[in-house]
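Asker: One structure, as structure tokens, below. Some questions next.
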Amino acid sequence: MSQPIHSFTANVPTWSPYVAPVELATATPEQLAAMKVTPSNTGASPYVRTLAHDPESLEVRSPLFNLIMYGKDGLPPAERELGAIGASIVNRCIYCVAVHASRFINHTKREDIIAAIFTDERAAKLEPRNQALFDFAAKLSTTPIEADACDAQALRDAGLSELEQLDLVLSAAIFGWANRLMHTLGEPIA
């Protein structure tokens, strides 16, 4: 049996669910319908198939996730990924960090930013805009009520519009939820 992974990496590990995922061949029509709109539109992963045990929730979750992470306006895709990384670092979600670090690198070709985050985690020193994004997502994920007007001003000072700020809040928040689902329903393995 493979061992759980305990350190951050940009190499996406296998996610192993604790409960058997829904099998496509035996899925109900409701489960199949809910799995049609997957987060990355690349197919029904074991995670999506695990969430399909509750097709009504999955049917709402996937379009919401898609709009937050792949929306056309507002925060650029790489910066949405950085918000997801900030939340996932705080929540110690090895799998989500790997997925979104990999996507961030694909968007930016900036492995140095991810290396700094992996080395120093919340103490990472980044360029001003990336620093503001990362710090806000991490703070929001640690103690949401402590995010205040000063934090919003720091984002404005870094050049974020109100829509971009909202997108950052949404990307960090949905990963607070997603990280908890990932931890509860399975684990990343080597």
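Asker: Looking only at segment 139-151, filter to residues that are out of contact with any Asp or Glu (no Cβ under 9 Å at 6 or more places or on another chain) and closer than 11 Å to VAL169 by Cα; which one of those is surrounded by the most Cβ atoms within 10 Å (Cβ to Cβ)?
Answerer: Filtering segment 139-151 for residues that are out of contact with any Asp or Glu (no Cβ under 9 Å at 6 or more places or on another chain) and closer than 11 Å to VAL169 by Cα, the one surrounded by the most Cβ atoms within 10 Å (Cβ to Cβ) comes out as SER141.
Asker: I need the full set of residues from segment 6-50 which are assigned to a helix (DSSP H, G or I) and within 16 Å of the chain's Cα centre (by Cα), in order please. Reasoning before the result, please.
Answerer: Kept after step one, since they are assigned to a helix (DSSP H, G or I), are these residues of segment 6-50: 24-26, 29-35, 46-50.
Matches in segment 6-50: TYR47, VAL48.
Asker: Pick from segment 126-138 the residues that are in a helix (DSSP H, G or I) and of a type in the set (A, V, I, L, M): which of them is most open to solvent (accessible area, probe 1.4 Å)?
Answerer: Among those residues, the one meeting the criterion is ALA132.
Asker: Considering ARG80, ARG61, which residue is without any contact (Cβ under 8 Å) to a residue 40 or more places away in the chain and either open to solvent by less than 50 Å² (accessible area, probe 1.4 Å) or out of contact with any strand residue (DSSP E or B) (no Cβ under 8 Å at 6 or more places or on another chain) (or both)? Spell out the reasoning first.
Answerer: Working: ARG80 fails: without any contact (Cβ under 8 Å) to a residue 40 or more places away in the chain.
Answer to the check: ARG61.
Asker: Further question: How many residues does segment 163-176 contain that are modelled with pLDDT of 95 or more and open to solvent by 10 Å² or more (accessible area, probe 1.4 Å)?
Answerer: The total comes to 9.
Asker: Taking into account only those residues within segment 177-190 that are in contact with a strand residue (DSSP E or B) (Cβ under 6 Å, 6 or more places away or on another chain) and either hydrophobic (A, V, I, L, M, F, W, C) or part of a helix (DSSP H, G or I) (or both), which is surrounded by the fewest Cβ atoms within 10 Å (Cβ to Cβ)?
Answerer: Only one residue fits best here, namely ILE189.
Asker: Among the numbered criteria (1) in contact (Cβ under 8 Å) with a residue 60 or more places away in the chain; (2) of a type in the set (Gly, Ala, Ser); (3) under 28 Å from SER16 (Cβ atoms), which single criterion is violated by ALA115?
Answerer: (1)
The values are calculated or read from the model by the stated rules, or taken from the named source; none is laboratory data. The shown structure was predicted, so the numbers you read here are calculated from the model rather than taken from an experiment. Cβ sites come from the backbone with ideal geometry, for glycine too, and all protein chains shown count toward neighbours. Each accessible area value is taken on the protein alone, full model and side chains, heavy atoms only, with ligands, DNA and RNA left out. Shrake-Rupley method; radii C 1.70, N 1.55, O 1.52, S 1.80 Å.
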